[in-house]
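What follows is a set of notes on a single structure, which appears directly below.
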Amino acid sequence: MPTHFINPTKLPVDQSFSKADLDTPILAVDLDKMDANVAKISQGTRDFEVQWRPHCKGHKSSQIATRLVDAGAIGATCAKLAEAEVMVRGGVTDVLIANLIVGEAKLKRLANLCKEGDPIVCIDHLDQANPMSEVMSREGVECRAIIEVNIGLDRVGCSPQATLQLARQLHALPGIKFAGIMGYEGHLLTIEDQDEKRIKIEQALKLLADNAEQLKVAGIPCDIVSCGGTGSYLLSRMQPGITELQAGGGMFMDQFYEQQCQVTGMQKALTIVATVVGRPSSDRAIIDAGKKTLHVEYEPAIVVGRDDITVERLSAEHGELKLTGEAQNLKIGERIELVPGYADMTCVLHDFFYVFQGDTLVDIWPLEARGLLQ
């Protein structure tokens, strides 16, 4: 039975579906592999007495965020205010918005969110804080805030030398509850030499730890010291002074994290199921999945279990495969599964996760925050 007979928001309880029953392409999650990855990251942070606040910018699903909290996460990290609204209304009330909230419209929404949950926002300049203080005070709420510190990525964040002064200013503003600091060592994820990567991550995160100590000496509470993506979490979790990690992508794992970030020991839980639709020559096949289905700009996708098939080129809706050996017997209508190059940018191309245990469809999870960029 093809997928258009299935209500994607409610899986029929009286019927069983396999991958072969669903039309392609689909975004598939192996539930057992995902749960194993989640358990490994959750335990891996606890081993170093660090809390886990996984990012939801890739999965965009409150069902997944709730599942991660059940597995030990303290809440969720969000890239946008709209994501945080979805997560809070989906039951995950402790959310860090790892972004800068600017403008009257967003600040009013943030104030409303403070009445439903307990969000944290990032600030790196007093000109963001003053309007926030005014709106929160006017609305009769208090919002937690952390300072984003530039520890080398050179994207956002105040300099480590300016953190104390900004913290003093935030600590004095009504409507704002200063909660700590964060930084992102994203510029160090793909360093090939692991000794060099470890040393540079230690140096970057020491800037955060030193800032936190500086604030405490000045009498300013700094309960949160947050950092860490999947590409660095194995090293970041070990650093003194860090209280929580934001690594989220490892729950799915992908080629980028494995090949470029050298993250090991995780299972590939996210795949694209595609169909062979063309065989233009003995060494080529065409599938019904292209750039609008999976992201390969950072790292090529691979075909699960097939060393004799290479993803050679993608256009908007077509994928071109190079075939060698036994793969040259591939027939039109056969199915293949691909591990995307980068899961975060693949998930947001889809409306639903189709969740499997083995070959059996057990759930369908909507990406409620997909396309919510405000």
Check: Can you find a residue in segment 329-337 that is within 26 Å of LYS33 (Cα to Cα) and within 23 Å of the chain's Cα centre (by Cα)?
Finding: yes
Next item on the list: Those residues that are surrounded by fewer than 16 Cβ atoms within 10 Å (Cβ to Cβ), in contact (Cβ under 8 Å) with a residue 24 or more places away in the chain and under 14 Å from GLY44 (Cβ atoms), I need them from segment 257-266; list them, please.
Entry: GLY265
Check: Among the residues of segment 268-277, is any of a type in the set (Lys, Arg) and over 15 Å from ALA28 (Cα atoms)?
Finding: no
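Listed here are the residues, each with its yes/no results for (1) surrounded by fewer than 23 Cβ atoms within 10 Å (Cβ to Cβ); (2) touching a Lys or Arg at 6+ places or on another chain (Cβ under 9 Å); (3) over 17 Å from THR271 (Cβ atoms).
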| position | (1), (2), (3) |
| --- | --- |
| LYS322 | yes, yes, yes |
| LYS331 | yes, yes, yes |
| ARG335 | yes, yes, no |
| LEU338 | no, no, no |
| TYR342 | yes, no, no |
| THR346 | no, no, no |
| GLN357 | yes, no, no |
Next item on the list: Within segment 123-133, identify whether any single residue is open to solvent by 30 Å² or more (accessible area, probe 1.4 Å), in a helix (DSSP H, G or I) and more than 15 Å from ILE176 (Cβ to Cβ), and answer yes or no.
Entry: no
Next item on the list: Quick one: GLU202 ticks every box in (1) in a strand (DSSP E or B); (2) surrounded by fewer than 20 Cβ atoms within 10 Å (Cβ to Cβ) except a single one, so which number is it?
Entry: (1)
Note to self: One residue is enough: does segment 73-84 have a residue meeting the conditions within 30 Å of TYR184 (Cβ to Cβ), open to solvent by less than 10 Å² (accessible area, probe 1.4 Å), modelled with pLDDT of 95 or more and out of contact with any strand residue (DSSP E or B) (no Cβ under 9 Å at 6 or more places or on another chain)?
What the structure shows: yes
Margin query: Cβ contacts < 8 Å: first residue free of Cβ contacts under 8 Å to residues at least 24 places away in the same chain and farther than 12 Å from ARG109 by Cβ, restricted to segment 75-97; second residue in a loop (DSSP other than H, G, I, E, B) and of a type in the set (S, T, N, Q), any location; separation 6+ or different chain. Result?
Written below: GLY75/THR93
Next item on the list: Hey, can you tell me all the residues within segment 139-158 that are of a type in the set (Asp, Glu) and part of a strand (DSSP E or B)?
Entry: GLU148
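Considering each residue of segment 305-314, count those that are open to solvent by 50 Å² or more (accessible area, probe 1.4 Å) and on the phi < 0 side of the Ramachandran plot, and give that number. Spell out the reasoning first.
Initially, segment 305-314 is screened for residues open to solvent by 50 Å² or more (accessible area, probe 1.4 Å), giving 305-307, 310, 312-313.
From the residues that got through so far, the ones that are on the phi < 0 side of the Ramachandran plot too are 306-307, 310, 312-313.
Looking only at that region, the number is 5.
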Check: Does segment 171-181 include one or more residues that are outside any helix (DSSP H, G or I), in contact (Cβ under 8 Å) with a residue 60 or more places away in the chain, at positive phi and not polar (S, T, N, Q)?
Finding: yes
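The values are calculated or read from the model by the stated rules, or taken from the named source; none is laboratory data. As the structure is a prediction and not an experimental result, all values here were calculated from the model. Counting neighbours? That spans all protein chains shown, and the Cβs are built from the backbone with ideal geometry, glycine included. Remember, those area values only see protein heavy atoms, side chains included, never the ligands or the DNA or RNA. Shrake-Rupley method; radii C 1.70, N 1.55, O 1.52, S 1.80 Å.
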